[in-house]
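Heads up, the thing below is written out as C-alpha cells.
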Amino acid sequence: MRPYLIASLLIAAACSPSTEGPTPKVVGTVNPRQPFINPARVCNTQGDERGWRINLIGERFTPVPQDVLTGDPGVGLPEVTLKGPATLTLDRDRVLYRDAEQMSLDIPTRDTTPPADLPAGSYAVEVRNLGGGTGELADILLIVPPPTVTRVTAPQGFNFSDISPLVVEGVDFRTDTFPVMKLQRAGAEEVEVFTLTVDSPTRVSTELPPGTPEGTYDFMLTNPEGCSFTLRNALTISYP
Amino acid sequence: MTVLPVLALLVLTQAQAPAESSSEEGDSILLAPKAGVFKSTTPLKMAPYYALEVGYVTPLLNRRLAIVMEGSLHQPQTSGTLSDPLVTRGDVQYTLTDRQIAILLSALYRFEGALGSFTPYAGAGPGLYLHQATTQALGSTTVEKKGIVGFQLLGGAELRLWSGGLFLEAHYHFAPVNLVTTGEVNIGGFLAAVGYRLRL
C-alpha cells in the first residue's frame, strides 16, 4: 500500500493550486471633499447613483489579465472589501484602477442602485490582488450617518439691523466638523448662515445675518463629506 | 541536399522486417526521446515540444500491447492588449506563458507487421498536467501553479531502424484548467513529434 499512498500524496501535492504575485499594501483613504481629513468620512446615504467616490492610497495594487484564453478576456481588478460593523465587498464596477498606488472607490449607500446598508462606524479596508496576496489596514474609513434637522428657532426673535441668533435642532450632527447651512426661498438669493458651534449631535448654534429679507425659508444643512438635509418651511422671518 | 537521399537509403537498408524481432523476448523495454511542436486549441501560440518515453511491451495480445509513460515539456505563449473603462490609465498589455510539464500514462496497441517495416500504433491514457502560468502586465509578474488530470489520444507509425525505430506520432491532449489568468478552458491541443524508439 505504501507506494500507492506515496504516489497519491505526490499527485495531491502536484495538483494543489498556488498563486504568487504582488501583495498590496493599504496606506489610507481620501475623500476629495475633505482631502486633509484622515480617516476619510463617507456618508451612508445619498450620493449620486454610484454613491460617494473616495480615493484609496497604497502600494502594489495590481490588476491581472483575466480569462485571456477564453472568448471573453478582461482585466481582473483588485477586490476591495470594507470590514467594520458590516462587511461589504465592492462590486467590480465600483473599483477604478488609476495606478499601483491609487484606486478610486465608489462607496454605495442606501440610496444607490443597488443599495448597500453600511452602519456608521470605523471600517478597515482590505485589498486582494486576484493574482497575489491581500493587504488590509484597520480604521481608515469612517462611515457616518446623514444629518437630520427637525427645527430651527430664533430664541431672541429677529433683528433687521443686527445678527439674530438661531438654534438648529436635529439628530446626527457631527461635533468634529462644521456644516454648511443655507436659507433658501423661491425667487430669492440663498442666505448662508455660519456655524458658531456644534454644541452636540442634536444642536447647532448659528446666527442670521442682518438685513435678511422677510419670508418663509427652507433650511439646508450640508456636512463636509457630502450628505445634506433640507427642512422645508423651516423658518419664517418677520421683523417687529 | 545530397545528404537526404543518402540518409533515406541508409534508413531503408537498415530497416528490418517486423517478424525478425517482434517475437523476441529481450526487447520489451522501450526508450524514446522525441521532439515536435504543440498547438493548443486556445490562443496560445505553437511551441516546441520535448518528451522522453519509457515503455514496456507486455506479453498480452501477442506482444502488441505496450504500456508507456511519457514526461513532456512545452511552454506556449500568447500576448495581447486589454481595454477596460475601469482601468483609467489606458490599455493593458500582457504576456502569458504557460509552462506545461505532463506525465502521461498510455496503453498502446502496436499493429506489428501491418505495413511491412512500418508499425502503426494508437493509444490513449490519462495524464497529469502540471501548469505554471506566468503573466506579465502593468510592470508586475503573477505566477499561478496548478496540477490537473486530463487524458490524451495518440497515434503514430514507427519505421524499424537498427535496434529500434524511427517514428512520427501525433497526440491530442484534453487538459481542462481554470486559472484566473487563463479562465476555464481546455488548454490541451494537438502535437506532432518525431523520435527514435530504442528497444532494450
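FYI, it's all coordinate maths here, none of it is from the lab. Every value quoted in this text rests on a predicted model; they were computed, and no experiment measured them. All Cβ positions, glycine included, derive from the backbone under ideal geometry; neighbour counts span all protein chains shown.
Please go through the residue pairs B:Lys39/B:Lys146; A:Lys25/B:Lys45; A:Lys83/B:Lys145; A:Lys25/B:Lys146 and name each one whose alpha carbons sit more than 32 Å apart in this structure.
Over 32 Å Cα-Cα: A:Lys25/B:Lys45.
Would you work out which of A:Ala188, A:Pro165, A:Thr177 lies farthest towards the positive end of the dipole of the protein assembly as shown? Charges go on Cβ: Lys and Arg +1, Asp and Glu -1.
With unit charges placed on the Cβ atoms, the residue in question is A:Thr177.
Give me A:Leu166, B:Leu105, B:Leu61 ranked fewest to most by other Cβ atoms within 10 Å of their Cβ, as a rough exposure proxy.
B:Leu61, B:Leu105, A:Leu166
Roughly how many Å is it from the Cα centre of the stretch B:134-200 to that of the stretch B:70-131, as a whole number?
Here the answer is 3 Å between Cα centres.
What Cys residues in the protein assembly as shown are without a partner cysteine, judged by a Cβ distance under 4.7 Å?
Lacking a cysteine Cβ partner under 4.7 Å: A:Cys15.
Give the Debye-formula value of log10 I(q)/I(0) at each listed q (0.13, 0.14, 0.15, 0.18 Å⁻¹), with one equal scatterer per alpha carbon of the stretch A:143-240, two decimals each.
So the normalised log intensities work out to -0.40, -0.46, -0.53, -0.76.
What's the longest bit of chain A with no exposed chymotrypsin sites (Phe, Trp or Tyr not before Pro), using DSSP loop states and at most 12 other Cβ atoms within 10 Å as the test?
The longest uninterrupted stretch comes out as A:37-193.
Kindly rank B:121-130, A:125-134 from highest to lowest mean number of other beta carbons found within 10 Å of each residue.
A:125-134, B:121-130
Please state the charge dipole magnitude for the protein assembly as shown, taken about the Cα centre, from unit charges on C-beta atoms (+1 on K and R, -1 on D and E), reported in debye and rounded to the nearest 20.
1360
Go through the stretch A:152-203 and name the GluC sites (Glu not before Pro) that are in a DSSP coil and have 16 or fewer other Cβ atoms within 10 Å of their Cβ.
A:Glu189, A:Glu190
How far apart, in nm, are the 7 Å Cα→Cβ label points at B:Glu184 and A:Glu214?
Inter-label distance under the simple model: 7.4 nm.
Counting only C-alpha contacts under 8 Å and six or more residues apart, can you give the relative contact order of the stretch A:19-144 as a whole percent?
Averaging sequence separation for qualifying contacts and normalising by length gives 36 percent for the stretch A:19-144.
Over chain A, what is the mean sequence separation of C-alpha contacts under 8 Å (at least six apart), divided by residue count, expressed as relative contact order in percent?
18
Going by alpha carbons, how many degrees (0 to 90, nearest 10) lie between the helix axis of A:2-15 and the longest principal axis of chain A?
40
With +1 on each Lys and Arg Cβ and -1 on each Asp and Glu Cβ, and nothing else charged, work out how big the dipole of the stretch A:148-237 is about its Cα centre, in Debye to the nearest 20.
200
Once phi is turned into θ = phi - 60°, what whole-Hz ³J(HN,Hα) does the Karplus curve with 6.51, -1.76 and 1.60 give for every residue of the stretch A:176-193, x standing for Gly and Pro?
Each residue of the stretch A:176-193 in turn: 9, 7, 10, x, 9, 10, 9, 9, 10, 8, 4, x, 10, 5, 5, 10, 8, 10 Hz.
Calculate how steeply helix B:3-14 sits against the longest principal axis of the alpha-carbon atoms of chain B, using the helix alpha-carbon long axis, and give the answer as 0 to 90 degrees to the nearest 10.
With both axes taken from Cα atoms, the answer is about 50 degrees.
May I ask you to sort A:Asp218, A:Asp99 by Cβ crowding, counting other Cβ atoms within 10 Å and putting the fewest first?
In increasing order of surrounding Cβ atoms, one gets A:Asp99, A:Asp218.
Just to confirm my numbers, what's the Cα centroid distance between the stretch A:181-220 and the stretch A:43-102 in Å?
About 39 Å separates the Cα centre of the stretch A:181-220 from the one of the stretch A:43-102.
Charges on Cβ only, +1 for Lys and Arg, -1 for Asp and Glu, centred on the Cα centroid of the protein assembly as shown; of B:Leu115, A:Gly131, B:Leu128, which one is farthest towards the dipole's positive end?
B:Leu115
Peptide B:128-135: average number of partner chain Cβ atoms within 10 Å per residue? Walk me through the numbers on the way to the answer.
On the way: counts 4, 2, 2, 1, 2, 4, 1, 7.
For peptide B:128-135, the averaged partner shielding equals 3.
Using r as the Cβ-Cβ distance of A:Arg203 and A:Ala12, and R0 as 41 Å, what FRET efficiency do you calculate, to the nearest 0.05?
With R0 = 41 Å, the Cβ-Cβ based efficiency is 0.05.
Would you calculate, for chain B, the mean residue ellipticity at 222 nm contributed by helices, counting each DSSP H stretch of 4 or more residues as -39,500 (n - 2.57) and dividing by all residues, to the nearest 500?
-2500 deg cm²/dmol
When the dipole is taken about the Cα centre of the stretch A:19-144, and only Lys, Arg (+1) and Asp, Glu (-1) are charged at their Cβ, what size is it in debye, to the nearest 20?
Values: 12 positive and 17 negative charges, 74 e Å.
That gives a dipole near 360 debye.
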